[in-house]
């Protein structure tokens, strides 16, 4: 489902060039639940941005769902994002003037889904994340864990093939963070949606099927499972 071959990503700051990713080779099958681990600055967010068609590689090839995204136009990539990829951010990125219901509904409006189907999908997803009774609440009236649950519902309501979660528990206490990662795992198993999340939290890594270690823009330990590693650290 996902294939990266010889992927490099560089950024230019004035006269200085910084290599965020340096020759990434990676293959992920459908339905995976994997973590990209590493310290701040290792390239985790850059890798997720490339997988989400939010940025372009400097060199190398990226294929998603059998399509090479390097050769796709901006419009084609936008349609791929809207229909096939969901995003969960560490800062939640909810629209503060919209209710929980309206935040989850918003991507369906962009897709032109009918009102009846929007209602069915939104209510179903809010129920799955345990927040249907909070549907009318604005984000400021929700706890951090509840806001992240809304963000997860929003990411899944379009029925994407892939969900990318960038440090999804970073702004949560450890207990709430565990609840969120357990929720994501349950939805992964029930819907067969692939989850790729970045983290440097050992407690979060312990829930992953596989851990991909990034350091200085390179994969240093490819396909390390929790069992093989003996520990999530």
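Has region 181-188 got any residue that is in a helix (DSSP H, G or I) and under 30 Å from residue 19 (Cβ atoms)? It would help to see each step written out before you state the result.
Applying the first criterion (in a helix (DSSP H, G or I)) to region 181-188 yields 181-188.
From what is left, the residues that are under 30 Å from residue 19 (Cβ atoms) are none.
No: region 181-188 contains no residue that is in a helix (DSSP H, G or I) and under 30 Å from residue 19 (Cβ atoms).
Can you tell which of 154, 116, 121 is out of contact with any helix residue (DSSP H, G or I) (no Cβ under 8 Å at 6 or more places or on another chain) and at pLDDT 95 or above? Working first, answer last.
On the way: 154 fails: out of contact with any helix residue (DSSP H, G or I) (no Cβ under 8 Å at 6 or more places or on another chain); 121 fails: out of contact with any helix residue (DSSP H, G or I) (no Cβ under 8 Å at 6 or more places or on another chain).
One residue alone meets the criteria, 116.
So, residue 112, is that one in contact (Cβ under 8 Å) with a residue 60 or more places away in the chain and surrounded by fewer than 20 Cβ atoms within 10 Å (Cβ to Cβ) or not? Break it down stepwise before answering.
Numbers: in contact (Cβ under 8 Å) with a residue 60 or more places away in the chain: no; surrounded by fewer than 20 Cβ atoms within 10 Å (Cβ to Cβ): yes.
In short, no.
State all residues of region 93-107 that are out of contact with any strand residue (DSSP E or B) (no Cβ under 9 Å at 6 or more places or on another chain) and surrounded by fewer than 20 Cβ atoms within 10 Å (Cβ to Cβ); if no residue qualifies, say none.
As a first pass, look at region 93-107 and keep what is out of contact with any strand residue (DSSP E or B) (no Cβ under 9 Å at 6 or more places or on another chain): 94-106.
Once the filter is applied, which keeps residues that are out of contact with any strand residue (DSSP E or B) (no Cβ under 9 Å at 6 or more places or on another chain) and surrounded by fewer than 20 Cβ atoms within 10 Å (Cβ to Cβ), region 93-107 yields 95, 96, 97, 98, 99, 102, 106.
What residue, of 208, 165, 155, 151, is under 17 Å from the mean Cα position of the chain (by Cα), assigned to a loop (DSSP other than H, G, I, E, B) and surrounded by 22 or more Cβ atoms within 10 Å (Cβ to Cβ)?
Working: 165 fails: assigned to a loop (DSSP other than H, G, I, E, B); 155 fails: assigned to a loop (DSSP other than H, G, I, E, B); 151 fails: assigned to a loop (DSSP other than H, G, I, E, B).
From the options 208, 165, 155, 151, the qualifying one is 208.
With modelled with pLDDT under 95, surrounded by 16 or more Cβ atoms within 10 Å (Cβ to Cβ) and not in a loop (DSSP other than H, G, I, E, B) as the only criterion, which of 126, 80 stands out?
One residue alone meets the criteria, 80.
Anything in region 133-142 that is closer than 19 Å to residue 88 by Cα and either in contact with a helix residue (DSSP H, G or I) (Cβ under 6 Å, 6 or more places away or on another chain) or part of a helix (DSSP H, G or I) (or both)? List them, or say none. Don't jump to the end; show me each part of the working.
Of region 133-142, the ones closer than 19 Å to residue 88 by Cα are 135, 138-140, 142.
Correct list: 135, 139, 140.
Let's see how each residue does on (1) under 19 Å from residue 1 (Cβ atoms); (2) outside any helix (DSSP H, G or I); (3) at pLDDT below 90:
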residue: 39; (1), (2), (3): no, yes, yes
residue: 47; (1), (2), (3): yes, no, no
residue: 54; (1), (2), (3): yes, yes, no
residue: 63; (1), (2), (3): yes, yes, no
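Quick check, is residue 170 in contact (Cβ under 8 Å) with a residue 40 or more places away in the chain, surrounded by 21 or more Cβ atoms within 10 Å (Cβ to Cβ) and either closer than 24 Å to residue 34 by Cβ or more than 13 Å from the chain's Cα centre (by Cα) (or both)? Break it down into steps so the answer makes sense when it comes.
On the way: in contact (Cβ under 8 Å) with a residue 40 or more places away in the chain: yes; surrounded by 21 or more Cβ atoms within 10 Å (Cβ to Cβ): no; either closer than 24 Å to residue 34 by Cβ or more than 13 Å from the chain's Cα centre (by Cα) (or both): yes.
In short, no.
Report every pair of residues separated by at least 6 positions or lying on different chains whose Cβ atoms are under 9 Å apart, first residue within region 13-24 and within 15 Å of residue 41 (Cα to Cα), second in a strand (DSSP E or B) and modelled with pLDDT under 90.
Partner pairs satisfying both residue conditions: 18/12.
The values are calculated or read from the model by the stated rules, or taken from the named source; none is laboratory data. Predicted model only: the values in this text are computed from it and were never measured. Heads up, the Cβs are rebuilt from the backbone with ideal geometry, glycines too, and the neighbour counts pull from every protein chain shown.
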